[in-house]
Amino acid sequence: MEDLEQFRLDVREWLEANCPESQRQPMTPEEQYWGGRRGEFPSEDARRWFERMRDKGWTAPEWPTEYGGGGLTALEGRVLKEEMKRIHARTPLYGIGIWMLGPAVLEYGNKEQKEQHIRAIVNGETRWAQGYSEPGAGSDLASLQCKAEDKGDHFLVNGSKIWTTAADRCDWIFCLVRTNPNVKKQEGISFLLIDMDDPGVSTTPIALISGESEFCQTFFDDVKVPKENLVAELNKGWSVAKALLVHERKLMAEMGSDSPRHILVPNMAAHEYLEFENGKIVDARLRSDLVDYDMQMQAVALTHFRTFEEKSAGIRSAAPMVMKYVGTEAEKTKSELLLAIMGSRGLGWEGDEFNAQEIDTVRLWAMSKAMTIAGGSSEIQLNLIAKNVLELPQS
Amino acid sequence: MALVLNEEQRLLQDTARDFLTSNAPVEALRMLRDNNDAVGYSGQLWQQMADMGWASIILPEAYGGLDFGFVGLGVILEESGRTLTASPLFASAVVGASALLLGGSEAHKQTLLPAIASGKLTLALALEESHHHRPTHIATTAEKQGDSFLLNGRKRFVLDGHSADKLIVVARSSGAESDNQGLSLFLVDRTTSGVTCQRTVLMDSRNASNIQFENVVVPATDLLGDADEGWKILEPLLDRGRVAIAAEMMGYSLEAFDRTVAYLKEREQFGALIGSFQALQHRKAHMQSELELCRSVLLQALSAVDDSPEDLPMLASLAKTKLNELVKLVTNEAVQMHGGIGVTDELEIGFFLKRARVAIQIFGDTGYHKDRYATLCGY
């Protein structure tokens, strides 16, 4: 514990000396750096900040140093996060590589795969997309049809993947592919890494109700993928995918508390947009909705702390299993509440009649609808709790 | 602050569960009810509980206590909630003892706390006057007359009021009817002349009373804290009580929930176990999520009593609200999912349903605590 306190002081001193002032301000989505061949730094300061963090391995603080990571323990990683949050230091590098593919390769990949991909992620050289869902395989992910046929020295991939986040700006994509159509659906799936520059790979953006097009559909047309790009054993991809989904759900559950946007908090919005009398919101219904939301969020935040404490103490509980469901549902509630509080000022789509905060809130409201669908819908989460926590009989 | 139980607390939990399931199961409450038991709990059981140290769990060692803190207390209360055990644990060992700890003179503490700890003395808080929790709306008067006070008024919903040896009476010594200023707390023997106690029969088969005070003379030495400054004791006292009853409510919720899950795994209809039906699975899974949130809230609120009293008002209102909502949802669903047998007296689920409704009213219902939380949040 004493060492941890010393570590905290060292981190604080280093951040103080190395994090440029401009990188301690809230940022817009446009100011995030996602790396990759097409990645551009929004400013010179962002580049400097990224390079300093990269050189410490702190773009991926808890990954092993032999592949360029920071080599920190979970507790040290948390201290770093806390200290960065304290000075509002920006996250220097975002990416599905850091959140998902890296952990998967570190756990299931071989030495060559680690050497090829991990350092490139830490250094921001490759940006990754995720190829899981297909037009015909959403909640029923295991029914996926995109196939990889064994052609001796390579796999031949045909099919398409949907909801591939920012795939038009990514370098590589990790995919779940059908390698055996003749067995139980979960047992014929493999986990394959595909270079998006390979011939036959193409990507189209999808326009969403939020007005954004961050998601794409990616097509594979006779794409030749080298055999060494298979992660874990052939037909064992479902285990890798399940482990990664747990990871993704944890990230989604926490997304609200770590939103890069400068968005409204309902309590503050109430003071800005609602009528008060004797210190109370006049509209009893909105006051009641607001207190429900605030209570729920405090309960969710406390449960996040509890899962961390349980993990540190080596105690297993059902709490992590419910976080994706409660966290994303709470985010959706928050967006609806903000719109209700803002009235007709919470309807603006674009133009100068509404301020940036108002328009952002509306756009986020539309985006929040995806939170309870992506990464396993709320209904799928409830199925999982019923099956894995309550052990209810399956039909 | 700790959101996980330590080794000692987990051991306490095991001990409590073993003891209560074999010595004070729900069946024991049914017998008290069916026999119209005059006291409403088993004195012998309470003595055993006190012998194990449960009556003194929050008391400092100096007064014969175990000094296990509220997190330790919460473990016991939760287990006694699982078995719906009737005892003076909440009214006396938590609320009564806390009143003395917060407002008692050294003489009170020296003489009364060890008596509470040994199970020989029981207390009850005489607070409510209307059918809703409004702790500052006090019309009962305390008139100063020389070295004494004269109490007049009527209290209701006094938990364990008919069996307690001493009452802690909240009375108005000055101020207007809804002021939090001008309240005073008195320690009054239940058998004092002018005190009339009428036991009420509530749906939960536990103990509550209406009590009349007519020209009751109380010596000034039996004032808890300073005259007119009772709110300074009462508010933290109620918050401790709210967190404690929330812990007991967690026990009702868990037990009703677990019994229902078990039933879903054995009851067949349409040729299948009903637990395989998604219409039921999703509702149970949603309740599991709420249970997890309530678990975190409860642990944080319990440890705030011990470690960060400045956070207690908000956390106590949060915990009482969340547990009120949880126990209402879980007990209603328990009855519904049991189907026809769920509305029979034979099945114990009904005892949980009814006890939950009483607990929801103790020290503030959901509306009361949402309003308080909103006010503390600045809106």
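The values are calculated or read from the model by the stated rules, or taken from the named source; none is laboratory data. It should be emphasised that the depicted structure is a prediction, and the values quoted were computed from it without experimental measurement. Ideal geometry is used to build each Cβ from the backbone, glycine not excepted, and the neighbour counts take in all protein chains shown. What goes into the accessible areas is simple: the full protein's heavy atoms, side chains included, and nothing from ligands, DNA or RNA. Shrake-Rupley method; radii C 1.70, N 1.55, O 1.52, S 1.80 Å.
General remarks:
- Every condition in (1) within 10 Å of chain A (Cβ to nearest Cβ); (2) within 18 Å of the chain's Cα centre (by Cα) is met by B:GLY364 except one, and the failing one is (1).
- On inspection, B:GLN281 does not qualify as assigned by TED's automatic domain parsing to the domain that holds B:LYS322, polar (S, T, N, Q), open to solvent by 20 Å² or more (accessible area, probe 1.4 Å) and part of a helix (DSSP H, G or I).
- With respect to (1) open to solvent by 50 Å² or more (accessible area, probe 1.4 Å); (2) assigned to a loop (DSSP other than H, G, I, E, B); (3) more than 26 Å from B:ALA86 (Cβ to Cβ), the lone exception for B:GLN336 is condition (2).
- Total residues in the stretch B:298-328, condition touching a Ser or Thr at 6+ places or on another chain (Cβ under 7 Å) and charged (D, E, K, R): 1
- Selection of the stretch B:367-376 for residues being touching a residue at least 24 places away in the same chain (Cβ under 8 Å) and facing chain A (nearest Cβ under 8 Å) yields B:LYS370, B:TYR373.
- Flag if A:MET268 is under 30 Å from B:ALA301 (Cα atoms) and touching a residue at least 40 places away in the same chain (Cβ under 8 Å): no
- Scanning the stretch B:285-298 for residues being at the interface with another protein chain (Cβ under 7 Å from one of its Cβ atoms) and either among the aliphatic types (A, V, I, L, M) or in contact (Cβ under 8 Å) with a residue 40 or more places away in the chain (or both) gives a total of 4.
- Conditions (1) closer than 30 Å to B:LEU302 by Cβ; (2) touching a residue at least 12 places away in the same chain (Cβ under 8 Å); (3) open to solvent by less than 20 Å² (accessible area, probe 1.4 Å); (4) among the hydrophobic types (A, V, I, L, M, F, W, C); number of the one not met by A:LEU338: (1)
- Residues satisfying the stated conditions in the stretch A:52-78, i.e. of a type in the set (A, V, I, L, M), more than 19 Å from the chain's Cα centre (by Cα) and surrounded by 20 or more Cβ atoms within 10 Å (Cβ to Cβ): A:MET53, A:LEU72
- Residues in the stretch B:31-47 that are open to solvent by 30 Å² or more (accessible area, probe 1.4 Å) and either within 20 Å of the chain's Cα centre (by Cα) or touching a residue at least 40 places away in the same chain (Cβ under 8 Å) (or both): B:LEU32, B:ARG33, B:VAL39, B:SER42, B:GLY43, B:GLN47.
- Residue that is farthest from B:ARG30 (Cα to Cα) [pool: residues in the stretch B:92-112 that are open to solvent by less than 10 Å² (accessible area, probe 1.4 Å) and among the hydrophobic types (A, V, I, L, M, F, W, C)]: B:LEU100
- Among (1) touching a Phe, Trp or Tyr at 6+ places or on another chain (Cβ under 7 Å); (2) on the phi > 0 side of the Ramachandran plot; (3) not small (Gly, Ala, Ser), the one test that B:LEU291 misses: (2)
- Wholly enclosed helices (runs of 4 or more DSSP H) of the stretch A:233-341 bearing at least 3 residues modelled with pLDDT of 90 or more and within 10 Å of chain B (Cβ to nearest Cβ): A:266-273, A:284-313
- Subset of the stretch B:241-266 (residues that are in contact (Cβ under 8 Å) with a residue 24 or more places away in the chain and either touching a strand residue (DSSP E or B) at 6+ places or on another chain (Cβ under 9 Å) or open to solvent by 50 Å² or more (accessible area, probe 1.4 Å) (or both)): B:GLY241, B:ARG259, B:LEU264
- Filtered residue count, the stretch B:339-365, keeping only those that are more than 22 Å from B:PHE277 (Cα to Cα), part of a helix (DSSP H, G or I) and open to solvent by 30 Å² or more (accessible area, probe 1.4 Å): 4
- Yes/no for A:THR361 being closer than 18 Å to A:MET252 by Cβ, among the β-branched types (Val, Ile, Thr) and either assigned to a helix (DSSP H, G or I) or within 11 Å of chain B (Cβ to nearest Cβ) (or both): no
- Residues located in the stretch B:81-90, provided they are part of a helix (DSSP H, G or I) and either open to solvent by less than 10 Å² (accessible area, probe 1.4 Å) or without any contact (Cβ under 8 Å) to a residue 24 or more places away in the chain (or both): B:GLY81, B:LEU89
- Strands (runs of 3 or more DSSP E) contained entirely in the stretch B:154-237, each with at least 1 residues that are open to solvent by less than 10 Å² (accessible area, probe 1.4 Å) and under 30 Å from B:PHE352 (Cβ atoms): B:166-172, B:208-219
- Applying the condition of being touching a Phe, Trp or Tyr at 6+ places or on another chain (Cβ under 8 Å) and among the β-branched types (Val, Ile, Thr) to the stretch B:236-273 and asking which residue is farthest from the other protein chains (Cβ to nearest Cβ) yields B:ILE245.
- Residues located in the stretch B:299-333, provided they are more than 14 Å from every other protein chain (Cβ to nearest Cβ) and buried (at least 24 other Cβ atoms within 10 Å of the Cβ): B:VAL305, B:VAL327, B:THR331
- Hits in the stretch A:368-395 - residues which are part of a helix (DSSP H, G or I), within 28 Å of A:MET342 (Cα to Cα) and open to solvent by 50 Å² or more (accessible area, probe 1.4 Å): A:LYS369
- With a requirement of 3 or more residues that are over 22 Å from A:ASN110 (Cβ atoms), the strands (runs of 3 or more DSSP E) lying completely within the stretch A:137-193 that satisfy it span A:154-165.
- Of the residues making up the stretch A:351-364, those that are under 27 Å from the mean Cα position of the chain (by Cα) and free of Cβ contacts under 8 Å to residues at least 24 places away in the same chain number 4.
Listed here are the residues, each with its yes/no results for (1) touching a Leu at 6+ places or on another chain (Cβ under 9 Å); (2) basic (Lys, Arg); (3) under 21 Å from B:THR111 (Cα atoms).
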| position | (1), (2), (3) |
| --- | --- |
| B:SER178 | no, no, no |
| B:VAL188 | yes, no, yes |
| B:GLN198 | no, no, no |
| B:ALA208 | yes, no, no |
| B:ALA220 | no, no, yes |
| B:LEU224 | yes, no, yes |
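- Flag if A:ILE118 is among the aliphatic types (A, V, I, L, M), surrounded by 21 or more Cβ atoms within 10 Å (Cβ to Cβ) and modelled with pLDDT of 95 or more: yes
- So B:PHE277, is it at the interface with another protein chain (Cβ under 8 Å from one of its Cβ atoms) and at pLDDT 95 or above: yes
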